[in-house]
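Here is the structure we will look at, set down as structure tokens.
The values are calculated or read from the model by the stated rules, or taken from the named source; none is laboratory data. It should be emphasised that the depicted structure is a prediction, and the values quoted were computed from it without experimental measurement. Backbone-built Cβ (ideal geometry, glycine too); neighbour counts: all protein chains shown. Quick note on the areas: whole protein, heavy atoms, side chains included, nothing else; ligands and nucleic acids left out. Shrake-Rupley method; radii C 1.70, N 1.55, O 1.52, S 1.80 Å.
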Amino acid sequence: MSLPLHRLTVPQPLSVPFAIDTFDALGPLSHAPFPHRHTFYEVALVRAGTGAHVVDLAAYPLEPPHLAVVLPGRAHHWQDAVDLDGWLILFGEEFLAGWPRVRELLHLLGHQPCRTLGPEVADEAFGLVSRMRREYDEPAADSLGVVQAYLRVLLTKAARATGAPAPAVTGQRAELAGRFLDLLTGPRGGALSVRECAAALGVSQGYLGEAVREVTGRSPGELIRHARTVEAMRLLAGTRLSIAQIARELGFADQAYFCRFFRRETGSSAGEFRRAASWTWGLVENTTNTRSRPSNGGYAPL
């Protein structure tokens, strides 16, 4: 079985997929202890708790007040989490329409997904989340814009306080590069070709290459190979799929070709990496048949 994929189910009072609530209200899938991924963005603001938040194989010890930004397609889980208290903000791609700066901030913070906030910034962050929740609970004219603005302020303050670097390139090319990187985060992202990505984004391969290289310093082909490698790591560490099955999932013609690719990209064999990985199915069984019943929205397995 591949990594579970969760979608967002909400009543949509703001006309786009969005939810904000506590871990307790959102139910057990809000802090699932097994590796999984989402089709949506998740911003977690943790007030208290112990354990670790594992995002794409890196374990970040919980040191509240703690901010986490998990981008769609990233594999993550909560490990040995006890007395978890805080807020989750969940939203789909539609929520970002017309707010490219929010997308940029999410990707800046998502590059290092878990950060500890200082007391002053944390107080401000929890105040913003409370106001966001009130606006969500009692929607009025342009409540969506108000909630988007609160989120932008929250992410901006967090980026300033934790030293997230400002983007070197902004504008249309930066937005295109961001959309390209979003394509690569999905389960099949690493199996796409540069031509397929350009077609999906509605631009020429040449223009895509120029924009991506200007923004990231790397070519689309390099980033696709990296995405394929990361997805292989996720599947090796977080599933019980055989190496042959993983090779097929990633679009390789055969297992031998995949094993050569993986060793070239990582310096390790697929088997060695799987044995050394710290988060495996041996930690906890998949329980995605548990469906939460939150007040404002929540998770459902696909």
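So which pairs qualify, if the first residue must be in region 86-98 and farther than 17 Å from Ser143 by Cβ, the second must be of a type in the set (Ser, Thr, Tyr) and in a strand (DSSP E or B), the Cβ gap must be under 9 Å, and the two must be at least 6 apart or on different chains?
Gly86/Thr22; Trp87/Thr22; Leu88/Thr22; Glu93/Tyr41
Select from region 111-130 the residues that are surrounded by 14 or more Cβ atoms within 10 Å (Cβ to Cβ) and modelled with pLDDT of 90 or more and list them in ascending order.
Within region 111-130, Pro113, Cys114, Arg115, Thr116, Leu117, Val121, Ala122, Glu124, Ala125, Phe126, Leu128, Val129 meet the criteria.
Which count do you get for residues in region 71-93 that are crowded, with 24+ Cβ neighbours inside 10 Å and closer than 13 Å to Val54 by Cα?
Counting residues in region 71-93 that are crowded, with 24+ Cβ neighbours inside 10 Å and closer than 13 Å to Val54 by Cα gives 2.
I need the full set of residues from region 248-268 which are open to solvent by 30 Å² or more (accessible area, probe 1.4 Å) and assigned to a loop (DSSP other than H, G, I, E, B), in order please.
Gly251, Ala253, Asp254, Gly267
If you take the residues of region 132-143 that are of a type outside the set (D, E, K, R) and open to solvent by 40 Å² or more (accessible area, probe 1.4 Å), which of them is nearest to Cys114 (Cα to Cα)?
Filtering region 132-143 for residues that are of a type outside the set (D, E, K, R) and open to solvent by 40 Å² or more (accessible area, probe 1.4 Å), the one nearest to Cys114 (Cα to Cα) comes out as Pro139.
Please verify whether region 210-233 includes one or more residues that are touching a Pro at 6+ places or on another chain (Cβ under 7 Å), among the hydroxyl-bearing types (Ser, Thr, Tyr) and modelled with pLDDT under 90.
The answer is no; no qualifying residue exists.
Report the residue count in region 50-66 for those that are open to solvent by 20 Å² or more (accessible area, probe 1.4 Å) and assigned to a strand (DSSP E or B).
So the answer is 6.
Is it true that Val54 is modelled with pLDDT under 95, touching a helix residue (DSSP H, G or I) at 6+ places or on another chain (Cβ under 6 Å) and not charged (D, E, K, R)?
no
Going through region 31-90 one residue at a time, which ones are of a type outside the set (A, V, I, L, M, F, W, C) and at positive phi?
Selection gives Gly49, Gly51, Asp56, Gly73, Asp80, Asp83, Gly86.
Could we say that Leu208 is in contact with a Cys (Cβ under 7 Å, 6 or more places away or on another chain), in a helix (DSSP H, G or I) and either more than 27 Å from Ala44 (Cβ to Cβ) or open to solvent by 50 Å² or more (accessible area, probe 1.4 Å) (or both) here?
Judged against the criteria, Leu208 is a match.
Would you mention how many residues in region 219-233 are closer than 20 Å to Gly206 by Cα and β-branched (Val, Ile, Thr)?
Qualifying residue count, region 219-233: 1.
Could you please find all residues in region 14-49 being within 17 Å of Pro113 (Cα to Cα), in a strand (DSSP E or B) and open to solvent by 30 Å² or more (accessible area, probe 1.4 Å)?
Once the filter is applied, which keeps residues that are within 17 Å of Pro113 (Cα to Cα), in a strand (DSSP E or B) and open to solvent by 30 Å² or more (accessible area, probe 1.4 Å), region 14-49 yields only Arg47.
If only one of Ala19, Ala25 is more than 22 Å from Ala158 (Cα to Cα), at pLDDT 90 or above and among the aliphatic types (A, V, I, L, M), which one is it?
Criteria check complete, one pass: Ala25.
Restricting attention to region 78-87, does a residue exist that is touching a Cys at 6+ places or on another chain (Cβ under 6 Å) and assigned to a strand (DSSP E or B)?
No, because not a single residue in region 78-87 is touching a Cys at 6+ places or on another chain (Cβ under 6 Å) and assigned to a strand (DSSP E or B).
Taking only region 213-240 into account, find how many residues are under 13 Å from Phe180 (Cα atoms), free of Cβ contacts under 8 Å to residues at least 40 places away in the same chain, assigned to a helix (DSSP H, G or I) and open to solvent by less than 60 Å² (accessible area, probe 1.4 Å).
Of the residues in that region, 2 qualify.
Rundown of residues vs (1) within 19 Å of His107 (Cβ to Cβ); (2) touching a strand residue (DSSP E or B) at 6+ places or on another chain (Cβ under 7 Å); (3) in contact (Cβ under 8 Å) with a residue 40 or more places away in the chain, yes/no style:
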residue: Leu5; (1), (2), (3): no, yes, yes
residue: Pro33; (1), (2), (3): no, yes, yes
residue: His36; (1), (2), (3): no, yes, yes
residue: Leu45; (1), (2), (3): yes, yes, yes
residue: Pro61; (1), (2), (3): no, yes, no
residue: Pro64; (1), (2), (3): no, yes, yes
